Amino acid sequence: MGHNRHVLSTPKSIGKLRNPNVPRAVRLPLGGAVEPTQAVTRRSPARWLILLGALLAALTLSGIAASPAVADDGSTASGSEEYDYHFSGIVKLDDKPLEGVAITIDGGGFKETVDTDVEGRWKIGVPEKAKYTLTVDESTLPKGIIVEGDSASQEVEFGLTQTKVVNLFLGEGVRETTSFADQFVERIFNGLNFGLLLALAAIGVSLIFGTTGLTNFAHAEMVTFGAIMALVFGVILNLPLWLAILVALILSGVFGWAMDAGLWRPLRRKGLGLIPLMIVSIGLSLALRYVFQFFIGGKTYQLPGAGAAKIELFGPIKLSVIDMVSMGTSIVVLIAVAIWLTRTRIGKATRAISDNPALAAASGIDVDRVIRIVWILAAVLAGLAGILWAYFRPGVKWDMGMHILLLIFAAVILGGLGTAFGALVGAIIVGLLVEISTLWLPPDIKYVGALVVLIVILMFRPQGILGRRERLG
């Protein structure tokens with residue numbers, strides 16, 4: 001076979017190439033040598049213009065691809081174009097831009113760090129319109145220069161637009177760092193606050209498990225429900241905060257009653273096993289979670305008074321009014337639950353059913369009625385925990401309950417399955433471990449320490465701290 005050949009022709013000869021009798025202008029073999037033929041046509045000037053335009057377009061596109069991405073405001077966009085919301089700014093010292101200053105935006109499970117460019121500009125995209133913490137790595141600033149203010153971090157949030165320009169003021173100085181002892185004491189108080197609100201939800205899980213044997217994965221959505229109701233009545237309907245919280249707790253109790261009356265009691269009467277019931281609770285959890293997302297969307301909302309300034313009490317202890325009210329409310333409610341369990345007839349009946357449901361029923365206790373009351377109480381406690389969690393987090397989101405569900409289960413198992421007082425002890429231990437662990441662990445994995453301790457304790461005491469080996473519920 002002969003060599004394959006490529007044919008080049010001028011635009012004038014394109015139409016004539018279909019006729020094999022017409023001689024070709026130029027024929028190029030693969031080797032690149034030009035063979036003269038019978039006729040050589042004149043090259044058209046239009047062809048040179050087309051080739052020149054294509055070459056200029058290719059050079060322009062390659063230059064754009066090679067150049068760094070620049071945002072509309074002139075700041076370097078470091079991987080932030082996928083988001084609709086952006087923080088940006090310029091870092092200068094004495095009107096001179098500073099290059100290489102590390103800026104970090106952190107909040108809501110999102111964290112991103114960029115360096116300023118040669119013009120001192122920076123830009124970070126975030127996934128949602130919420131509150132974030134901006135931190136400047138002062139080690140990247142010139143020696144003896146710090147960010148003016150109490151710390152190198154500040155809370156930033158958007159206004160009515162999707163962009164926020166953050167002004168950073170620099171000056172000479174030395175940053176006074178908090179000692180390890182002061183940080184430890186501060187983490188203890190934060191851990192107590194977190195542990196107390198965790199105990200409210202954990203006690204509800206423990207009571208339900210003790211009376212029914214059900215491991216309720218939908219308890220996370222009961223936590224979320226309380227926070228969403230507080231958001232609806234406190235923000236959307238603009239009721240006074242105390243009234244919005246009261247209505248939210250009442251509706252949480254109704255929600256618990258409806259769940260037991262409409263789902264769990266009929267399943268119990270059908271004699272459904274514990275494993276199928278647990279699977280049903282997982283399905284219910286998923287269904288409720290996406291119902292919440294359908295109505296409130298994927299954004300994070302703030303309750304009234306969230307992000308209040310902290311008050312210096314004594315030493316390194318700084319708490320906001322919301323923190324103090326949260327801790328006080330949790331303590332009062334937990335004491336009331338303890339009195340209810342130990343002093344009232346319904347409370348004693350609840351403990352009896354947890355120990356032996358068959359014997360309790362044989363002794364004349366209305367088991368279904370007690371279980372219904374337990375569901376209402378557990379839902380109210382979960383709703384209150386959700387409201388306090390929204391202030392501690394801070395923010396209300398459609399899946400916020402799932403973020404602490406594993407810690408709730410850890411507290412129940414650590415304290416002892418089916419024991420309300422064990423759930424209280426376990427929750428406080430978990431809360432302290434989670435907060436204190438941030439002294440050594442990054443905040444993103446602070447829950448790991450509590451779960452590791454849970455595993456270690458259960459290896460030596462499988463029944464939990466206050467559980468009994470012979471206890472069934």
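Please treat every number below as a calculation from the coordinates, not as lab data. Not measured: the values here are computed from a predicted model. Note: ideal-geometry Cβ built from the backbone for every residue, glycine included; neighbour counts use all protein chains shown.
Within the shell of other residues whose beta carbon sits under 14 angstrom from the beta carbon of A390, the net charge comes to +2, with Lys and Arg scored +1 and Asp and Glu -1.
I need M222, M324, M229 ordered by Cβ neighbour count within 10 Å, fewest first. Provide the component values of the computation, followed by the final result.
Details: M222 29, M324 13, M229 23.
By the 10 Å Cβ count, ascending, the order reads M324, M229, M222.
Computed over the alpha carbons of the range 85-172, Rg followed by Dmax gives 12.5, 37 Å. Given a cut-off of 32 Å, name the pairs among K143/K397; K129/K318; K92/K131 whose C-alpha atoms lie farther apart than that in the structure shown. Checking Cα-Cα distances, K143/K397 exceed 32 Å.
Taking the number of other C-beta atoms within 10 Å as the exposure measure, put I365, I455 in order starting with the fewest. The partial results should precede the final answer.
On the way: I365 19, I455 10.
Taking fewest neighbouring Cβ atoms as first place, the list is I455, I365.
In the neighborhood of I296, defined by Cβ-to-Cβ distances under 11 Å, what is the net charge if each Lys or Arg adds +1 and each Asp or Glu adds -1? Result for the neighbourhood of I296: +1.
Charged neighbours of N167, selected by a Cβ distance under 11 Å, balance to +1 (K, R count +1; D, E count -1).
Contour minus end-to-end for I282 and A338, with contour as 0.36 nm per residue of separation and end-to-end as the Cα-Cα distance? Before the final figure, lay out each step's value.
Details: separation 56, 0.36 × 56 = 20.16 nm, distance 2.93 nm.
Full-extension gain reported as 17.2 nm.
Exposure proxy ranking for V291, V136, V205, based on other Cβ atoms within 10 angstrom of each Cβ and starting from the fewest, stands as V291, V136, V205. Straightening the chain between L406 and Y83 buys 113.3 nm, computed as 0.36 nm per residue apart minus the Cα-Cα spacing.
Each residue of the range 94-100 is assigned a 3J(HN,Hα), and the resulting list reads 6, 6, 10, x, 10, 9, x Hz, derived from the Karplus form 6.51 cos²θ - 1.76 cosθ + 1.60 (θ = phi - 60°), x at Gly and Pro. Plainly put, the range 116-242 has a radius of gyration that is 1.11 times its Kirkwood radius, both from alpha-carbon atoms, as the Rg/Rh ratio. Computed from the Cβ-Cβ distance with R0 of 56 Å, the FRET efficiency linking T133 to A261 stands at 0.80.
Extension gain, D182 to I331: 0.36 nm times the residue separation minus the Cα-Cα distance gives 51.2 nm.
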